[in-house]
Structure formats: C-alpha cells, structure tokens
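Engineer: My questions will all concern the structure given below.
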Amino acid sequence: MEPLVCRPHPNAGYTLAAEAGQVVAVHTIDRTWSGHAVGQALLTHGDDQYVAYYDADRSLTIAHRRLGSPTWQRFRLDSRLGWDSHNHVVMAVDGSGRLHVSGNMHVDPLVYFRQAVPGDSSTFERQPYLIDPDLERRVTYPAFLTGQDGALVFTFRDGSSGDGVNYFYRYDHEATTWRPLLTAPLFDGEGRRNAYAEEPKLGPDGYYHVSWVWRDTPDASTNSRLSYMRSPDLLDWQTLDGRQIVLPVTYDQPGVVIEDVPVRGGLLNGLHKIGFDATGRPTVAYHRYDEAGGSQLYVARGEATGWRIRRVTDWQGRWQFGGGGSLAGGIRLGHTILLPDGRLRLDYEYRGTGGALILDGGTLAPYAEVPVPPAYPADIAGPARLDYPGITVRTATDRGSAGDGRYVLRWETLGPHRDQPRAAWPEPQPLELYHLQGRTVDGI
C-alpha cells in the first residue's frame, strides 16, 4: 500500500468565515521545557487565573495571578517530568474555590495536589491517594469533569494498555474528601484489554456522551470495536436506544457497538470524536482502513434505527501506525461542528496538510472541502519562531471562563518521541498567555 495521499473533495464554492479573534494583550509567564510534547493547562475561575506547566527544569509548576494584574506568582510542586508525552497535567476548582491539580503519570502512582486555602497557591498539599491506594498505583489519563449537579468529578485509568480499569470519583468540598461516584468501574478490560474512552461530552440533549475503543496490547494497532453510550448524570448509563447498562462495561457489552472494526483495522484511541447535528443527534468521527486497506475518515450518527455510517473521504494510500509509546506525525481529527446552514464541518490534519470537510446535514455525504480558517491570529498559530528541526507550536485553551474575553496558552516544543529520551533538544522556550477578544474557531 502506497503512502497516504489526502485527496480533497471539490470546493463547490463554499467558504468558512475567519473568526480568529484579536490579540489585546500578551503575558510571558515563564520558560517551559521543550524537549518533547506534553499537555499543559490553563484555567480561569472568577478573578483567579492559573497555568499548570513544566518549567525549564521540568518541574511541575503552577503560575497564578489575579485578572488585571501583570504579576504572576509561581509555585513548584513536588513532581518532575521525564520523557513521557502521556504525562499531561489537568486542573479544576471545586465548589469552595480550591484548586486541584493532577498529572505527570503514565502507569505511575497517583500525583495529585490541592490548595489547603481556597485561592492561595502557596498552600498546595500533596495527597498520596484519594480513596484506595491499591486502585491508584498505576494511574494514567487523569481528567476533571463537572457533574450535572455542579459537583467536581475525577476520572482516571488504573492499569496499562491492554489491561486497564477506569474509575470515577466525586468530591465533597465541604468535607474535603473524595468518594466513589459509581459502585463499579465504568470500564473493565478484565485483564485482557483496556478501554480508551474520550472524555464524557455534555450534549444539547442534556446527556453525557462517550465513545471508546478497546485495545488488546500496548501496540497501538490492536485497537478495535468502536463503541458508544450516554448518561443523564454520569451515574446511570444507557445504550443509544435507551437500554440500561449494568456497570462495569466490558468488551462484550451488548448494544454499545457503533462499528465492530477488528484489531489492526485502523482504529486509534484519541481518533474518535463526538459531535452533534442540527437535531442534537450524536455523531462520531473516526479513522479506519477501508475494504482495500486504505486510510479513510468516517462519520457515524445515532438515529432511531441505529447508527448510520458514512465514509466521507476518498483518500489514496494508508497511514500505517503501530507499536508502543506516543505516536507522532499522524492524523489529527476534530469533531463535527454544526454550521448555520445545518451542514456539518469536520476538520482534519495530516503531516502539515489538511482541510475542513463540509458534510450534508441530512445524508452526511461530503459536499465540499475548504481551507480551515485560522483558529487564532497569526502571532499565535503562525510558524514557530525558534529555528530548530522538528519544533512545533502548541496551544491550550482555557478550561474555565473569563468575563473579559478569551485566553489561550502558547509554547514551542519538539513533538512526541515514543516516550524515549532524545540525544539533543532545544533550550526551554517562552510560555505565553494571549488575551483575545472576538470569537475563536472550535476545530481540531
């Protein structure tokens, strides 16, 4: 099979308006590690703004300021980054105003910090475990969510690729303690596989929607069985047609399979994205190999009779991936975005090229392909400023909200490296916060 060539659809005279916003201020927070890509975080809560990042010495650090102030206070936490691109960091604020931070884990004991005094970042305390140390010894993929009742929820995988269990905890901010949200794990690979699920996404119908794939081994090519379920409250889970699911969800769970793609069929964790159409029905965009073994993008939509599946590309060749560690240089995929005319937009990128597929809102058929409007102004999204082979621009959006516009975090780094050390890497690079006014595009 020849290398992948992303052959575009005709333009059909369709255009998308640029909505990049305007930069009104830039803050240089610190210098950040640039030897490999790893996720960093930005959170605005009321008048408090927090940035969680790895500093020049790879120490997990929190920068904190009050909105309107140019002064940042920086607090190093007791955790240091190695070479693993899985070790992203996440933050959330609970109902009392305390900041919670977790990250720098890939099949490692839990790393979690919490402010003892709400809003005071000099009072961070490390908690060795939250509920049960036996369930928190091999943690990966931490995430904070907000329940329908406003409660803070923490989720993570305990285990490894090919052997993992996913837990959900709920925080009581008055008692400052965590407890299980569910009476059983959400997913259980039963010692033979693990589920790679996207973060639950709250839809226009008031339900949380989740898609996932199963993986048999650490080899990324062993993903299979694209699946879906929904919940009104993160507690009770059901199939697309409303049948109750008894937890934990296992590989043979009935009623949840969107498409039973086999192992080595081209599914990849992180490349199955939930969106919604004009009537609020869930869509799942994903990559798999077609009948001839070539790479294609597909969109599935949940309907009254089940899942409608449509191939939306006509590409030539194949993106061949596999092995362990963090992959680099592959396909990036957004979720479907509802456009004002009822059509759906689906952004993709492959090795520096890409586009926005415009899909018919009724049939999901490709209508046009157009350039992706810039998500940010050129001084944010433009080419890297550092002249170094392989350097890329990374951004993080605000997981909170601010009343004076929007904020985005920007830094430059090398890409993933299969979680292995490099022989050489650039000096630490500036970590910058951009203040924007005007809308920004919700794409990849």
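Engineer: If you check Thr44, Thr71, Thr32, Thr61, which single one turns out to be under 30 Å from Asp158 (Cα atoms), without any contact (Cβ under 8 Å) to a residue 40 or more places away in the chain and of a type in the set (Ser, Thr, Tyr)?
Structural biologist: Thr61
Engineer: Any chance you could count how many residues in the stretch 94-129 are β-branched (Val, Ile, Thr), surrounded by 14 or more Cβ atoms within 10 Å (Cβ to Cβ) and assigned to a loop (DSSP other than H, G, I, E, B)?
Structural biologist: 2
Engineer: Still on this structure, I have one more. Going through Leu4, Leu67 one at a time, which residue ends up being open to solvent by 40 Å² or more (accessible area, probe 1.4 Å) and of a type in the set (A, V, I, L, M)?
Structural biologist: Exactly one residue qualifies, and that residue is Leu67.
Engineer: If you don't mind, there's one more thing I want to ask. Criterion first (part of a strand (DSSP E or B), open to solvent by less than 30 Å² (accessible area, probe 1.4 Å) and in contact with a His (Cβ under 9 Å, 6 or more places away or on another chain)) does Tyr141 satisfy it?
Structural biologist: no
Engineer: With respect to Ala424, is the statement that it is in contact (Cβ under 8 Å) with a residue 40 or more places away in the chain and surrounded by fewer than 16 Cβ atoms within 10 Å (Cβ to Cβ) true?
Structural biologist: Judged against the criteria, Ala424 is not a match.
Engineer: Here is a further query. Need at least 2 residues that are open to solvent by 50 Å² or more (accessible area, probe 1.4 Å) and in contact (Cβ under 8 Å) with a residue 24 or more places away in the chain per element, so show me which strands (runs of 3 or more DSSP E) inside the stretch 175-251 make the cut, counting only ones lying wholly within it.
Structural biologist: Per the criteria, 177-180.
Engineer: Another question, if that's okay. Return the total of residues in the stretch 155-165 being touching a residue at least 60 places away in the same chain (Cβ under 8 Å) and surrounded by 19 or more Cβ atoms within 10 Å (Cβ to Cβ).
Structural biologist: Summing the residues that are touching a residue at least 60 places away in the same chain (Cβ under 8 Å) and surrounded by 19 or more Cβ atoms within 10 Å (Cβ to Cβ) in the stretch 155-165 gives 2.
Engineer: In the stretch 385-409, how many are open to solvent by 50 Å² or more (accessible area, probe 1.4 Å) and touching a His at 6+ places or on another chain (Cβ under 6 Å)?
Structural biologist: So the count comes out to 0.
Engineer: Oh, and also: When you check Thr395 against the structure, is it touching a helix residue (DSSP H, G or I) at 6+ places or on another chain (Cβ under 8 Å) and within 29 Å of Ala56 (Cβ to Cβ), yes or no?
Structural biologist: Judged against the criteria, Thr395 is a match.
Engineer: Are there any strands (runs of 3 or more DSSP E) wholly within the stretch 18-88 with 2 or more residues that are within 25 Å of Pro389 (Cα to Cα), and if so which?
Structural biologist: In the stretch 18-88, 22-32, 48-54 are the strands (runs of 3 or more DSSP E) which contain 2 or more residues that are within 25 Å of Pro389 (Cα to Cα).
Engineer: Tally the residues that are over 21 Å from Cys6 (Cα atoms) and loosely packed, with under 14 Cβ neighbours inside 10 Å, restricting the search to the stretch 364-382.
Structural biologist: Residues flagged as over 21 Å from Cys6 (Cα atoms) and loosely packed, with under 14 Cβ neighbours inside 10 Å within the stretch 364-382 amount to 3.
Engineer: Scan the stretch 299-330 for residues that are open to solvent by less than 10 Å² (accessible area, probe 1.4 Å) and either of a type in the set (D, E, K, R) or closer than 21 Å to Thr283 by Cα (or both) and jot them down.
Structural biologist: Val299, Ala300, Arg301, Gly302, Val312, Thr313
The values are calculated or read from the model by the stated rules, or taken from the named source; none is laboratory data. Quantities reported herein were computed from a predicted structural model and do not represent experimental measurements. Please note: Cβ atoms are built from the backbone with ideal geometry, for glycine as well, and neighbour counts cover all protein chains shown. The protein model used for the area step is the full one, side chains on, heavy atoms only, and it has no ligands, DNA or RNA in it. Shrake-Rupley method; radii C 1.70, N 1.55, O 1.52, S 1.80 Å.
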